[in-house]
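The values are calculated or read from the model by the stated rules, or taken from the named source; none is laboratory data. Quick caveat: nothing in here was measured; it's all calculated off a predicted structure. Don't worry about glycine lacking a Cβ; one is built from the backbone with ideal geometry, like all the others, and counts go over all protein chains shown. Heavy atoms of the whole protein, side chains included, go into the accessibility calculation; ligands, DNA and RNA do not. Shrake-Rupley method; radii C 1.70, N 1.55, O 1.52, S 1.80 Å.
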Amino acid sequence: MYASREDIGYDFGDDSKVGSKPIKPNPNIDGGWAWMIVLSSFLVHILIMGSQMALGILNMEWLEEFNQSRGLTAWVSSLSMGITLIVGPFIGLFISMCGCRKTAIIGGILNALGWILSAYASDVHYLFLTFGVTAGVGSGMVYLPAVVMVGQYFQKRRALAQGLSTTGTGFGAFLMTALLKYLCTEFGWRNAMFIQGAISLNLCVCGALMRPLSPKDVVSEKYVVRSNSEDNQAKALSHSAETIKSNRVLSEELEKKEETRNEEVLDSVQHIETGGKSRSGRNMYGLRVLKTVSQLTVTVRKGFAIWYSSYFGAASLFTNRVFVAFIIWALFAYSSFVIPFIHLPEIVKQYNLSSQNNIFPLTSIIAIVHIFGKVILGIISDLPCISTWNVFLMANFTLVTCILTLPLMQTYVSLAVVCALIGFSSGYFSLMPVVTEDLVGIKHLANAYGIIICANGISALFGPPFAGWVYDITHKYDFSFYISGLLYMVGIIFLLLQPCIQKKQPREKSTEEAQV
């Protein structure tokens, strides 16, 4: 049904060299510093995603402080969570120009600034700008590099590494909820946000740990030979492989032309600097500034060229139809996970189960099992006889089934079982970067995953308000789950149809060649 990047030959070098050219493996791939990258990503998930899961504490404080409607106040949290993901494609531009390390450090500073400025908020609209936009953009600038770097440092155990790093979301939800609750009680919500801003500066430390791999190490990844158990899956996406190959060639041609122009600019500036040695020190300083600006311009132009070609140029990622289907799936998927977190307390209240839910909240069951789901699904996906794509689809089918059946459960025990299944199956989030890398390759992972999390952000931003709007009309949450579940199923069907379409094309091509 599905072929990985290595199976379809994304890195289109000389195929005769694959497996035959001995290359000394980098000890930091799948080991060594790679586990420091996992630690860095784990801490990023705690500080960013965990903090966003704990915003309900601050939301109650804002309601009391500003006396605004629940709907208006809730947009502060929604903006922060949504913008963190929606800015993904634009963060891909920063990564192309500056790299993951610099992007993450800048994002850490911006996120901390958003928290600190929010401590001086005079109304909810002020929070829209400082917390929703500023802190949200900063979070996005750290979150995407944290995911991309894990994908760069791991090949054999990518799913497990992503699973371990993303468990920080579950741990962070518990830690940050307890921390913010304590800080708000002891110091007030304004001082709590100021202190949280200082804590968020640790994101800069996490960014500093994201040591980039050398180009030689990245290039050598194409000589990694995977198990033959997936060879039959390669035929399913042969057309996508051809599309990606042509796009890759065009992209490399554009990069070569750009590098030639850049070298000409730098050489001209260097020539001027050499000829001006006899001039005064002031002129020399001006030439050095000019050379620095020229080098910066070269970097920006090259990064923008790569980013533009990935989205809009001839080498656009959108020419890969399976990837487009993946985007459509992402538009519907994330809201189905967020909606239960938002509306489960109200459902429990309607069924008169508040006393049992107070002892062990259903949302806590989802969060706890979600941690184990990410790790276990990651371990299963890394087994040589198991396809990551099949594990991903099975988890999606389980989750959508739970979403559709949850309104039918009216006892605490039945709801707890369904919530546990929701938490476990939603562990497929750790497989999303792996599937994305298999579709487009490591070189385009930042831009491609930026698009995917952007689609998730749109889903997270509008999903819960849509569910509330449905409740206002029907006075039931049942239809919210049914509609979101059906839309989720549509996204899964798109994923299932694409490999079937790709299977037909190689057969048609072989028939034409036989006739010739």
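Please verify whether Asn390 is surrounded by fewer than 18 Cβ atoms within 10 Å (Cβ to Cβ) and of a type in the set (S, T, N, Q), treating the condition exactly as stated.
yes
Could you say which residue among Asn390, Asn358 is at pLDDT below 80 and part of a helix (DSSP H, G or I)?
Asn358
Given the conditions (1) more than 30 Å from Thr73 (Cβ to Cβ); (2) at pLDDT 80 or above, and given that Glu512 satisfies all but one, which numbered condition is not satisfied?
Among (1) more than 30 Å from Thr73 (Cβ to Cβ); (2) at pLDDT 80 or above, Glu512 violates only (2).
So which residues in region 416-458 are part of a helix (DSSP H, G or I) and at pLDDT below 80, if there are any at all?
Leu445, Ala446, Asn447
Residues being touching a helix residue (DSSP H, G or I) at 6+ places or on another chain (Cβ under 9 Å) and either part of a loop (DSSP other than H, G, I, E, B) or open to solvent by 60 Å² or more (accessible area, probe 1.4 Å) (or both): count how many of those fall in region 345-354.
5
Within region 360-401, how many residues turn out to be over 24 Å from Gly168 (Cα atoms) and more than 23 Å from the chain's Cα centre (by Cα)?
Residues flagged as over 24 Å from Gly168 (Cα atoms) and more than 23 Å from the chain's Cα centre (by Cα) within region 360-401 amount to 4.
Yes or no: Ile492 modelled with pLDDT of 75 or more, in contact with a Phe, Trp or Tyr (Cβ under 9 Å, 6 or more places away or on another chain) and surrounded by fewer than 16 Cβ atoms within 10 Å (Cβ to Cβ)? Explain how you work it out, then say what you get.
Details: modelled with pLDDT of 75 or more: yes; in contact with a Phe, Trp or Tyr (Cβ under 9 Å, 6 or more places away or on another chain): yes; surrounded by fewer than 16 Cβ atoms within 10 Å (Cβ to Cβ): no.
The answer is no for Ile492.
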